[in-house]
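Novice: This structure is in structure tokens; I'll ask about it shortly.
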Ligand SMILES: Cc1ncc(COP(=O)(O)O)c(C=O)c1O
């Protein structure tokens, strides 16, 4: 394959092309308004996002990471508290728990779904546990029935990390609507991505929403009357205006991702060396991540790159093995997550991806994986 037919892991150009006039209009409207911080665009986007999620409140903030930090602070989680979460996630999930002074307790994941294993969560709960923090990884909803049941029985709160799962559903309930607070990221590559950083908290609890709003502006509900230590973590007006253009397209984009995922499934089924993600109608395929057990994954990725197929490894190291946790979590063992980190590879996917590109990815993958 020559460089002209290089297949990126994500292509945002089709959505930019489709929305170019509307995006320009939204940007120009916002520039002209001269209102750039917490103005009408953020307010309107918060209402539209809350409606989409079926929640009473949505609170924009600066990033998905900040959404997690603010959610944990709003729930009063801090030093001495433990939060059970997955080790197979982006560092920000665990980092947010540490940032508020609490301790992340890593429970291993299920091999097939790569999400938190409820049985292991139950075993990880101690007298200090205050909350469970499930991550709907790659856009796949976690086993929320079981996790919510554990939370109810053990008196725990649930904060959902929906950074990768905007629009995903578990039994018709949107991810982010099942725990006390749902936390979203608008990092540009996400299913609903901004043109910069952005995040959102969703809750139906009036008091929690009010606290989240205060925490994102230096702990104040009334200007210059600061009640607590907070953050400067606001969703930008320009990003909100862009997200308002994109949100009405999200359902169609997620349907496009499902179509691409089904295409991969058809093309790859029956090839024993490639383990496919099990189907789930609520999955929104932020990533289409396969496993290649028995194969040198890093070498495979390098060979695919030589063939012009870009892939990603989410994630090469589980959180408890990262240097940042070397001093505190060296004793932790999560063998499933550790194995997944050596076996996973995420294939190119975006809503408008065409069949020929997919077929080329699959041809290269089967040829290179076949070489061991
Ligand atoms: C699972 C998960 N949690 C949290 C985050 C943090 O989001 P952000 O990059 O917007 O801070 C990300 C995003 O990259 C993520 O993938």
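Taken together, the values in this text are just the output of simple stated rules run on the coordinates, not laboratory data. Note that the structure is a prediction, hence the values are computed from the model and not measured. Positions of Cβ are generated from backbone atoms using ideal geometry, with glycine treated the same way; all protein chains shown enter the neighbour counts.
Novice: Please compute the modelled spin-label separation between residue 324 and residue 146, points set 7 Å along Cα→Cβ, answer in nm with one decimal.
Specialist: Distance between the two pseudo-spin positions: 2.8 nm.
Novice: Now for a separate question. For the chain, what does the alpha-carbon gyration tensor say about shape, rounded, prolate or oblate, given a ≥ b ≥ c as the root eigenvalues, a/c under 1.5 as rounded, and a/b over b/c as prolate? Don't jump to the answer; show the numbers that get you there.
Specialist: On the way: a/c = 1.97, a/b = 1.20, b/c = 1.64.
Oblate.
Novice: If r is the Cβ-Cβ distance from residue 127 to residue 19 and R0 is 56 Å, what FRET efficiency results, to the nearest 0.05? It would help to have the intermediate numbers written out before the result.
Specialist: Working: r = 51 Å, r/R0 = 0.91.
That gives a FRET efficiency of 0.65.
Novice: Sticking with this structure for a sec: Would you mind calculating the gained length between residue 331 and residue 154 on full extension (0.36 nm times residue separation, minus the Cα-Cα distance), in nm to one decimal?
Specialist: Numbers: separation 177, 0.36 × 177 = 63.72 nm, distance 2.51 nm.
Between residue 331 and residue 154, full extension yields 61.2 nm more.
Novice: Also, I was wondering about something else. What is the fewest-to-most order of 344, 59, 284 by other Cβ atoms lying within 10 Å of their Cβ? Show your work: numbers first, answer last.
Specialist: Working: 344 24, 59 30, 284 27.
The most exposed by this proxy come first: 344, 284, 59.
Novice: Could you rank the peptides 66-79, 104-117 by their average count of other C-beta atoms within 10 Å per residue, with the highest value first? Provide the component values of the computation, followed by the final result.
Specialist: Values: 66-79: 23.4, 104-117: 21.8.
Top to bottom by mean Cβ count within 10 Å: 66-79, 104-117.
Novice: Let me ask something else. Take residue 306, project a point 7 Å from its Cα along the Cβ direction, then tell me which residues of the stretch 254-298 have their backbone nitrogen under 19 Å from it.
Specialist: 295-298
Novice: Arrange 35, 320, 286 by Cβ neighbour counts within 10 Å, fewest through most, would you?
Specialist: Ascending number of Cβ neighbours within 10 Å: 35, 320, 286.
Novice: Got the relative contact order for the stretch 246-317 handy, in percent, Cα pairs under 8 Å and 6 or more residues apart?
Specialist: Numbers: 38 pairs, mean separation 17.3, N = 72.
The normalised contact order for the stretch 246-317 reaches 24 percent.
Novice: Averaging sequence separations of C-alpha pairs under 8 Å and six or more residues apart, then dividing by the length of the stretch 250-369, give the relative contact order as a whole percent. Provide the component values of the computation, followed by the final result.
Specialist: Numbers: 143 pairs, mean separation 45.2, N = 120.
For the stretch 250-369, the relative contact order is 38 percent.
Novice: Let me ask another. Find how many whole Å separate the alpha carbon centroid of the stretch 31-69 from the alpha carbon centroid of the stretch 255-312.
Specialist: 34 Å
Novice: For the stretch 1-155, just say rounded, prolate or oblate: build the C-alpha gyration tensor, square-root its eigenvalues into a ≥ b ≥ c, call rounded for a/c under 1.5, and beyond that prolate if a/b exceeds b/c, oblate if not. Write down the numbers at each step before the final one.
Specialist: On the way: a/c = 2.40, a/b = 1.49, b/c = 1.62.
In terms of gyration-tensor shape, oblate.
Novice: From the square roots a ≥ b ≥ c of the eigenvalues of the alpha-carbon gyration tensor of the stretch 198-279, which class results: rounded (a/c under 1.5), prolate (a/b over b/c), or oblate?
Specialist: Numbers: a/c = 3.84, a/b = 2.64, b/c = 1.46.
In terms of gyration-tensor shape, prolate.
Novice: Additional query: For the chain, calculate the relative contact order in percent as a whole number, restricting contacts to Cα pairs under 8 Å that are 6 or more residues apart.
Specialist: About 22 percent, as a whole number.
Novice: Work out the FRET efficiency for residue 262 and residue 172 from their Cβ-Cβ distance, taking R0 = 25 Å, and round it to the nearest 0.05.
Specialist: On the way: r = 20 Å, r/R0 = 0.81.
Efficiency computed from Cβ-Cβ geometry: 0.80.
Novice: Would any residue of the stretch 294-325 have its amide N under 11 Å from a label point 7 Å out along Cα→Cβ of residue 9? List them or say none.
Specialist: Once the point is set 7 Å along Cα→Cβ of residue 9, 310-316 turn out to lie under 11 Å by backbone N, inside the stretch 294-325.
Novice: Helix-only estimate, please: 222 nm mean residue ellipticity of the chain, summing -39500 (n - 2.57) across DSSP H runs of length 4 or more and dividing by its residues, to the nearest 500.
Specialist: Taken over the chain, the calculation gives -12500 deg cm²/dmol.
Novice: Taking other Cβ within 10 Å of each residue's Cβ, how do 175, 30 sort, fewest first? Present the calculation step by step, with values, prior to reporting the outcome.
Specialist: Working: 175 30, 30 22.
Final ranking by Cβ density, sparse to dense: 30, 175.
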